[in-house]
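**Student:** Got a structure here, written out as structure tokens. Questions coming.
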Amino acid sequence: MLKYIVKRLAISILILFGVSIIIYTMVRLMPTDYVDNKYASQLQSGTIKQEDIDRFKDLYGIGDTSFKGIAGGYIKWVGNLLKGDLGLSFKYEKPVNQVITENMWISFAIALVATILQFLLAIPLGISSATHQYSIRDYSVTVFTMIGISLPTYFFAAIVIKVFSVDL
């Protein structure tokens, strides 16, 4: 059992590493970046110079778009990540660690409410389905469960929002 858990954790780490490489590369290869978008109007009006924008890009580590620059930026990012430094948020202009800790409790509260609702629905439906095996109730619970598992979460959420907030 321990061998299985260690194997699954190792595979999960490799998958996270691969996904981080793909996402980092895709973000860096986009035709424009955050700094260009943020200062485009100021550059057109002449209140900021291109040298200042280049300085901001170097500050954020996104100035060099060559393969060597992207690979070096990724290695630097992973090194900072291992030290616990997630960098500076472009949007909030605060450390990312601080932004995450300010907002994660909302996600935890939503997950807790969802888990409680899930248990309040699943346990009685499971007991009912088990005690009335091969009945219409059993098949209905099984079909709705399979539909719930098969639908993508965002699609199911859109349906639930429409039903409970628009149609009611």
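The values are calculated or read from the model by the stated rules, or taken from the named source; none is laboratory data. This is a predicted model, so every value here is computed, not measured. Note that we place each Cβ from the backbone using ideal geometry, even for glycine, and neighbour counts take in every protein chain shown. Side chains included, ligands, DNA and RNA excluded: accessible areas come from the protein's heavy atoms. Shrake-Rupley method; radii C 1.70, N 1.55, O 1.52, S 1.80 Å.
**Student:** The conditions are (1) farther than 30 Å from Ile136 by Cα; (2) at pLDDT 90 or above, and Phe119 fails exactly one of them. Which is it?
**Tutor:** (1)
**Student:** Do you know which residues across region 22-39 are under 22 Å from Val78 (Cβ atoms) and either of a type in the set (Val, Ile, Thr) or open to solvent by 90 Å² or more (accessible area, probe 1.4 Å) (or both)? Show your work before the answer.
**Tutor:** Pass one, region 22-39, residues under 22 Å from Val78 (Cβ atoms): 22-30, 33-35.
The answer is Ile22, Ile23, Thr25, Met26, Val27, Leu29, Met30, Val35.
**Student:** Take region 72-101 and flag every residue that is within 24 Å of Leu14 (Cα to Cα), part of a loop (DSSP other than H, G, I, E, B) and of a type in the set (A, V, I, L, M, F, W, C). First the steps, then the outcome.
**Tutor:** From region 72-101, those within 24 Å of Leu14 (Cα to Cα) are 72-87, 96-97, 100; that's our starting set.
Now narrow it down to the ones that are part of a loop (DSSP other than H, G, I, E, B): 84-87.
Within region 72-101, just Leu86 meets the criteria.
**Student:** Here's something else I'd like to know. In region 59-81, which residue that is β-branched (Val, Ile, Thr) and open to solvent by 60 Å² or more (accessible area, probe 1.4 Å) is farthest from Ile22 (Cα to Cα)?
**Tutor:** Thr65
**Student:** Right, something else. Can you find a residue that is modelled with pLDDT of 90 or more, closer than 22 Å to Tyr24 by Cβ, β-branched (Val, Ile, Thr) and open to solvent by less than 50 Å² (accessible area, probe 1.4 Å) anywhere in region 136-156?
**Tutor:** No, because not a single residue in region 136-156 is modelled with pLDDT of 90 or more, closer than 22 Å to Tyr24 by Cβ, β-branched (Val, Ile, Thr) and open to solvent by less than 50 Å² (accessible area, probe 1.4 Å).
**Student:** Now, a different point. Give just the number: which of (1) at positive phi; (2) surrounded by 14 or more Cβ atoms within 10 Å (Cβ to Cβ); (3) at pLDDT 85 or above does Gly84 not satisfy?
**Tutor:** (2)
**Student:** Under the condition of being open to solvent by less than 100 Å² (accessible area, probe 1.4 Å) and of a type in the set (A, V, I, L, M, F, W, C), which residue from region 157-168 is farthest from Ala111 (Cα to Cα)? Give the derivation first.
**Tutor:** Taking region 157-168 as the starting set, the residues that turn out to be open to solvent by less than 100 Å² (accessible area, probe 1.4 Å) are 157-160, 163, 165, 167.
Remaining after also requiring of a type in the set (A, V, I, L, M, F, W, C): 157-160, 163.
Numbers: Ala157: 14, Ala158: 17, Ile159: 19, Val160: 16, Val163: 21 Å.
Applying the filter and picking the extreme gives Val163.
**Student:** Which condition number in (1) open to solvent by less than 80 Å² (accessible area, probe 1.4 Å); (2) out of contact with any helix residue (DSSP H, G or I) (no Cβ under 6 Å at 6 or more places or on another chain); (3) assigned to a helix (DSSP H, G or I) is the one that Phe56 fails?
**Tutor:** For Phe56, the failing item is (2).
**Student:** Is there any pair with a first residue in region 74-87 that is closer than 16 Å to Ile100 by Cα and a second that is surrounded by 12 or more Cβ atoms within 10 Å (Cβ to Cβ) whose Cβ atoms are under 6 Å apart and which are 6 or more apart or on different chains, and what are they?
**Tutor:** Pairs found: Leu86/Val96; Leu86/Asn97; Gly87/Val96.
**Student:** Of the conditions (1) open to solvent by 80 Å² or more (accessible area, probe 1.4 Å); (2) farther than 17 Å from Asp33 by Cα, Val99 fails just one. Which one is it?
**Tutor:** (1)
**Student:** Something else: Six or more apart or on different chains, Cβ atoms under 9 Å: show the pairs whose first residue is in region 13-26 and free of Cβ contacts under 8 Å to residues at least 12 places away in the same chain and whose second is in a helix (DSSP H, G or I).
**Tutor:** Once the first residue is free of Cβ contacts under 8 Å to residues at least 12 places away in the same chain and sits in region 13-26, its partners that are in a helix (DSSP H, G or I) give Phe17/Val78.
**Student:** So, in region 87-96, of the ones that are under 15 Å from Leu59 (Cα atoms) and touching a strand residue (DSSP E or B) at 6+ places or on another chain (Cβ under 9 Å), which residue ends up most open to solvent (accessible area, probe 1.4 Å)?
**Tutor:** Kept after step one, since they are under 15 Å from Leu59 (Cα atoms), are these residues of region 87-96: 87-90, 93-95.
With the extra rule that they be touching a strand residue (DSSP E or B) at 6+ places or on another chain (Cβ under 9 Å), the set shrinks to 87-89, 94-95.
Details: Gly87: 33, Leu88: 88, Ser89: 17, Lys94: 60, Pro95: 62 Å².
Within region 87-96, the match that is most open to solvent (accessible area, probe 1.4 Å) is Leu88.
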